[in-house]
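Take a look at the structure below.
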Amino acid sequence: MQQKTILDHHQFEITIKRLCFQLIENHHPFNNTVLIGIQPRGVLLCNRIVETLHSLNIENIQSGVLDITFYRDDFRRRDELVKASSTKIDFIVEDKNVILIDDVLFTGRTIRSAMDALLDFGRPRKVELLVLVDRKFSRQLPIEPDYTGMAIDSIASEKVKVQWKENDDIDSVIMLTKDE
């Protein structure tokens, strides 16, 4: 496999900060806005966004974690045993601005599942989507992000991987391409 760095750790940090400034511009003072990370990797981005907002003296951020395992349209088609993650939303989403957060937007199916799962917690006033990477030419559903770290052109055989220092000892985004 060939590997190409899309964002190095410095660019990664700048991108997160830019996303935070966009959120501040649209939602400050966050009185009626909540952030929800989609399990598993959207949670890492959500945590980083909250951490960065706190470093910018934005304190009253409500954030949660959403597991969509049993809302996916493909979970029954898997041969292996499906293991669910946890959901932790200890606030009311009714009539709030909800920002769903995920690392990579690919087909849109994860986001559709997340919106279905979110409705079990109430009816938000508005739902927005924040992603670190938008693979814009691979959508199967009409879903577009409101906040994008970066958009890339990629084909289905390429894989975009977000590396997090919490798991991978480095923050970066790489594209993997199969050798021919």
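The values are calculated or read from the model by the stated rules, or taken from the named source; none is laboratory data. Computed from a predicted model, the values in this text were never measured in an experiment. Here the Cβ positions follow ideal geometry from the backbone for every residue, glycine too, while neighbour counts run over all protein chains shown.
With (1) more than 14 Å from the chain's Cα centre (by Cα); (2) crowded, with 16+ Cβ neighbours inside 10 Å; (3) modelled with pLDDT of 95 or more; (4) within 14 Å of residue 6 (Cα to Cα) as the list, and residue 161 as the residue in question, which single condition is left unmet?
(1)
Which pairs have Cβ atoms under 9 Å, sit 6 or more apart or on different chains, and link a residue in the range 18-34 that is polar (S, T, N, Q) to one that is in a loop (DSSP other than H, G, I, E, B)?
Short answer, once both residue conditions are applied: 22/146; 26/146; 31/60; 32/95; 32/96; 32/125; 33/61; 33/96.
Looking at 18, 72, 41, 48, can you tell me which residue is modelled with pLDDT of 95 or more, crowded, with 17+ Cβ neighbours inside 10 Å and either out of contact with any strand residue (DSSP E or B) (no Cβ under 9 Å at 6 or more places or on another chain) or among the basic types (Lys, Arg) (or both)? Show your work before the answer.
Numbers: 18 fails: crowded, with 17+ Cβ neighbours inside 10 Å; 72 fails: modelled with pLDDT of 95 or more; 41 fails: modelled with pLDDT of 95 or more.
Every option except 48 fails the conditions.
In this structure, is residue 141 crowded, with 16+ Cβ neighbours inside 10 Å and hydrophobic (A, V, I, L, M, F, W, C)?
Values: crowded, with 16+ Cβ neighbours inside 10 Å: no; hydrophobic (A, V, I, L, M, F, W, C): yes.
The answer is no for residue 141.
Which one is surrounded by the most Cβ atoms within 10 Å (Cβ to Cβ), of the residues in the range 103-130 that are out of contact with any Lys or Arg (no Cβ under 7 Å at 6 or more places or on another chain) and of a type in the set (Gly, Ala, Ser)?
Selected residue: 114.
Which numbered condition in (1) surrounded by 11 or more Cβ atoms within 10 Å (Cβ to Cβ); (2) under 30 Å from residue 1 (Cα atoms); (3) touching a residue at least 40 places away in the same chain (Cβ under 8 Å) is the only one that residue 100 fails?
(2)
If I go through the range 108-167 residue by residue, how many of them are in contact with a Phe, Trp or Tyr (Cβ under 6 Å, 6 or more places away or on another chain), farther than 25 Å from residue 13 by Cβ and touching a residue at least 40 places away in the same chain (Cβ under 8 Å)?
The qualifying residues number 3.
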